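Read through the structure below, which is laid out as structure tokens, and then see the notes.
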Amino acid sequence: MKKILDIRHFIILFLLVCCVFIQHNKPAKEIVIKEVQSKPELIHDTIPQEVPVYLPGQPILKDTTIYVTTIEKVDTLAILKDYLVFNKFSDTLKLSNNQGFVYLNQTVNENKIVDRKFSATIKPKIVRETPPPPPPIRNQVFFGINGAVSREDWVNSIGLGLILKTKENHLYQVNLGVANRTVDGTSGELRPYVGVGAYWKVKLKKD
């Protein structure tokens, strides 16, 4: 039967106690959390662009207006003389289209117009207007009544009629009516009738 207590067992037990002792006495490591910030990445365009560049130039000289007060002698008598004198002015106005002239004469005193007269030589204006075209010639129809009287029959006939006027100035007539015929001077009878006619324009020579 082997021995329970052996030197090797003591050595192993001693090493275990040393490891436990060292493990308990070792300081604990702190856990550090680092915050990482991400920076945005700039993407540059590769298309070239023209950028205006202002270069310093020469200064612009500005001219300054200097007002100088001058004293002049004033002749009061000459001013009053020009103010009280009667000044006469004449002017000629030419009308458009060579139609004539207008002559204007006026007098000025004390800065006011005290007299004004005018005369004119104007040519009569001739207005030439194109007459309107004549209306087109058309056929015309006329309607009316006709009749005849006599000493024996008093009313000899009465009727209606139509007249046609053509474009060539020709007239054509159609009549329809009744005629009164006295037999013995006191009694008579009415007789219907139809009449036609044609007319042409007669040109007369001027003297």
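Of note:
- Selected residue [assigned by TED's automatic domain parsing to the domain that holds K81, surrounded by fewer than 12 Cβ atoms within 10 Å (Cβ to Cβ) and not in a loop (DSSP other than H, G, I, E, B)] from V114, V196: V114
- Of all residues in region 78-93, those that are assigned by TED's automatic domain parsing to the domain that holds K117 and among the β-branched types (V, I, T) have Cβ atoms under 9 Å from Cβ atoms of residues that are assigned to a strand (DSSP E or B) and surrounded by 10 or more Cβ atoms within 10 Å (Cβ to Cβ), 6 or more apart or on another chain, in V85/N109; T92/F101; T92/V102; T92/Y103; T92/L104.
- Within region 95-105, being surrounded by 11 or more Cβ atoms within 10 Å (Cβ to Cβ) and without any contact (Cβ under 8 Å) to a residue 12 or more places away in the chain holds for no residue.
- Filter result for N109 (surrounded by 10 or more Cβ atoms within 10 Å (Cβ to Cβ), among the polar types (S, T, N, Q) and outside the structural domain of E189 (by TED's automatic domain parsing)): yes
Residues are listed down the side, and each one gets a yes or a no for (1) polar (S, T, N, Q); (2) touching a residue at least 12 places away in the same chain (Cβ under 8 Å); (3) touching a Cys at 6+ places or on another chain (Cβ under 7 Å):
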| residue | (1), (2), (3) |
| --- | --- |
| T107 | yes, yes, no |
| D115 | no, no, no |
| K125 | no, yes, no |
| P132 | no, no, no |
| V155 | no, yes, no |
| G159 | no, yes, no |
| L176 | no, yes, no |
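- Flag if L164 is part of a strand (DSSP E or B), under 30 Å from R191 (Cβ atoms) and in contact (Cβ under 8 Å) with a residue 24 or more places away in the chain: yes
- Of P124, P131, all but one fail to be closer than 30 Å to K167 by Cβ, at pLDDT below 90 and either of a type outside the set (S, T, Y) or over 40 Å from the mean Cα position of the chain (by Cα) (or both); the exception is P131.
- Test: V141 is assigned to a loop (DSSP other than H, G, I, E, B), β-branched (V, I, T) and over 23 Å from N87 (Cα atoms): no
- Complete set of residues in region 132-177 that are among the polar types (S, T, N, Q) and either within 14 Å of V196 (Cα to Cα) or exposed (fewer than 13 other Cβ atoms within 10 Å of the Cβ) (or both): N139, Q140, N146, S150, T166, N169, Q173, N175
The values are calculated or read from the model by the stated rules, or taken from the named source; none is laboratory data. Keep in mind the model is a prediction, meaning the values are calculated, not measured. Neighbour counts run over all protein chains shown; Cβ positions are idealised from the backbone, glycine included.
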